[in-house]
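This report concerns only the one structure given below.
Just so it is clear, none of the values below were taken in a lab; they were calculated from the coordinates. The model shown is predicted, which means the values in this text are computed figures rather than measured ones. In this analysis, Cβ positions are derived from the backbone assuming ideal geometry, glycine residues included, and neighbour counts consider all displayed protein chains.
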Amino acid sequence: MVIECHHCGARFSRVELKPGECARCSRCDSVLESFSRMTPSAWLALIITSLIVFVIANAYPIATLDFQGLTQSARFIDAVGVTLHDGYWEVATVTFLVAFLLPFLHMLLLLWLVAPMALGRQGVGVEAGLKLYKLIKPWSMVPVLLMGIIVTIVKMAGMATLIPGIGLLATALTAVLITFLSHLDYHSLQHMLSDSGAHLKHHHNAKPPSLSALHKTWALLFTAVILYIPANLLPIMKITMFGRTSGHTIMGGVIELAQYGSWDLAAIVFIASILVPTAKIIILSTLVWLTQQRQKTNLKKRTQYYKFVEFVGQWSMIDVFVVILFCALGQFGAVMSIQPSAGVVAFAGVVVITMIAAMGFDPRLAWRRAGYHATFTASPKEPI
């Protein structure tokens with residue numbers, strides 16, 4: 001079987017790995033395949049457990065807020081409903097998709113693909129399922145939601161008494177399980193399915209990179225830059241307390257966390273909401289420009305930069321989750337109310353658009369335009 005490096009396009013003959021070994025691309029150093037002790041049956045047990053815990057996480061309240069004798073509980077789905085009721089359907093739709101629907105589909109697709117292997121049967125619709133899994137997996141953001149909940153709890157603790165609920169514990173466990181499941185990526189699934197006897201005629205080699213991807217990436221990055229200005233200047237939420245209303249920007253939230261003494265969380269939010277979006281736009285713009293110029297220098301390092309952009313992309317959603325959770329928990333009539341504001345719509349747009357831009361940019365094109373083409377050789381094996 002021939003496998004292709006999805007970062008530089010080099011092709012290799014697949015080799016059998018032993019415990020402690022991995023196959024690494026000799027051109028760009030990307031890991032092509034790692035030996036796994038997990039059998040399909042073990043993966044199946046983990047997937048079923050994740051689904052059960054995920055249902056519990058969304059059936060019970062994340063937390064209960066006690067403000068001057070008044071209490072308010074909220075599940076994640078309640079937070080989405082409050083955001084939708086306030087008229088911010090864009091934010092409600094995005095958060096519902098990335099923190100509920102797509103993670104649920106992510107696990108269902110894994111169940112669909114792995115269960116037949118664990119039972120020793122041939123799966124149905126494997127080609128379509130694998131293709132859909134590749135599209136959905138990057139948008140499964142339960143771990144990011146968990147970090148958003150933690151930030152919310154710390155910020156709310158300075159305003160009222162907040163009691164964690166069963167939903168929080170279940171969300172934390174779901175985040176851990178999904179993080180573990182993330183090791184079962186598209187390429188690992190592809191290899192597992194091939195080893196089980198499935199014929200994947202359309203998935204052995206990816207489509208050749210297209211120059212049109214560069215123009216699309218430029219358009220998306222330009223849109224993200226435009227949205228990033230109001231995302232930072234406009235309030236992302238408004239808090240009305242005893243008739244007085246105050247707006248809160250992203251940077252204002254970072255300063256508040258620091259004032260509460262939570263310097264670690266303030267640093268996380270600052271990095272995720274300020275540095276990461278800026279870095280993504282700068283790095284992707286540089287990569288696209290160097291590719292257009294057919295630059296041959298630092299190709300390995302540029303590939304590493306692209307991997308970084310791929311990895312950190314979703315973590316900028318932390319502030320969006322914080323806003324909708326604040327709005328769900330902070331509804332106490334005339335005493336206190338919290339509502340999203342225009343800034344959160346722009347910021348959610350920046351996160352989504354930069355993620356689409358990163359996924360649309362094909363790093364193989366940088367190598368192709370620098371004069372490197374597919375080569376066939378035995379894939380080297382290295383200790384993990």
Inset, instruction - Using a Förster distance of 22 angstrom, determine the FRET efficiency expected from the C-beta separation of M1 and L119, and round it to 0.05. - result: 0.40
Inset, instruction - Based on other C-beta atoms within 10 Å, arrange R244, R14 from fewest to most. - result: R244, R14
Legend entry - Straight-distance crosslink candidates among lysines, where the alpha carbon sits under 16 Å from K301 and sequence neighbours closer than 8 are dropped: K280
Inset, instruction - Give the share of C-alpha pairs in each 10 angstrom bin for region 100-162, from 0 to the last occupied bin, in whole percents, shortest bins first. - result: 20, 32, 21, 14, 10, 3
Legend entry - Taking the chain and dividing mean pair separation by its residue count, relative contact order in percent (alpha carbons under 8 Å, at least six apart): 29
Legend entry - region 1-149, Rg to Rh (Cα coordinates; Rh as Kirkwood inverse mean 1/r): 1.09
Inset, instruction - Please list, or write none, the aspartates and glutamates whose alpha carbon is within less than 12 Å of the alpha carbon of K207, excluding same-chain residues fewer than 8 places away. - result: E4, D362
Legend entry - Residue exposure sequence - L299, L233 - by fewest surrounding Cβ within 10 Å: L233, L299
Inset, instruction - Report the Cys residues of the chain lacking a disulfide-compatible partner, meaning no second Cys Cβ under 4.7 Å from their Cβ. - result: C22, C327
Legend entry - Leading residue at positive end of dipole, the chain (Cβ point charges), from G247, A279, A266: A279
Legend entry - the chain - Kirkwood radius from inverse mean 1/r over Cα pairs (Å): 22.5
Legend entry - region 47-124: mean projected area of Cα convex hull, nm²: 6.6
Inset, instruction - Enumerate the whole-percent occupancy of each 10 Å bin, from 0 to the last occupied one, for all C-alpha pair distances of region 25-82. - result: 17, 24, 20, 19, 14, 5, 1
Inset, instruction - State the extension gain, in nm to one decimal, for the chain segment bounded by A258 and H215, taking 0.36 nm per residue of separation less the distance between their alpha-carbons. - result: 11.4 nm
Legend entry - Neighbourhood charge, 14 Å Cβ-Cβ cut-off, centred on Q304 and excluding it, Lys, Arg +1 and Asp, Glu -1: +4
Inset, instruction - Working from Cα positions, state the angle (0 to 90°, nearest 10) between the long axis of helix 342-360 and the longest principal axis of the chain. - result: 0
Inset, instruction - For the chain, set up a Gaussian network in which alpha carbons nearer than 10 Å are linked by springs, and say which option among A92, A219, A170 fluctuates the most. - result: A219
Legend entry - Assigned charges on the beta-carbon of Lys, Arg, Asp, Glu; the chain dipole about Cα centre (debye): 1380
Legend entry - Cα long-axis angle, helix 76-85 against the chain (0 to 90 degrees, to the nearest 10): 70
Legend entry - Among A370, I166, A231 - extreme Cα towards positive end, dipole of the chain, charges at beta-carbon: A370
Legend entry - Under 21 Å from the Cα of K155 - lysines, other chains or at least 8 residues apart: K238
Legend entry - Whole-angstrom Cα spans of region 108-203 along principal axes, big to small: 58, 24, 18
Legend entry - Sequence of S273, S196 once ranked by neighbouring C-beta atoms within 10 Å, starting from the fewest: S196, S273
Legend entry - T179 paired with C22, simple spin-label distance in nm, labels 7 Å along Cα-to-beta-carbon: 1.8
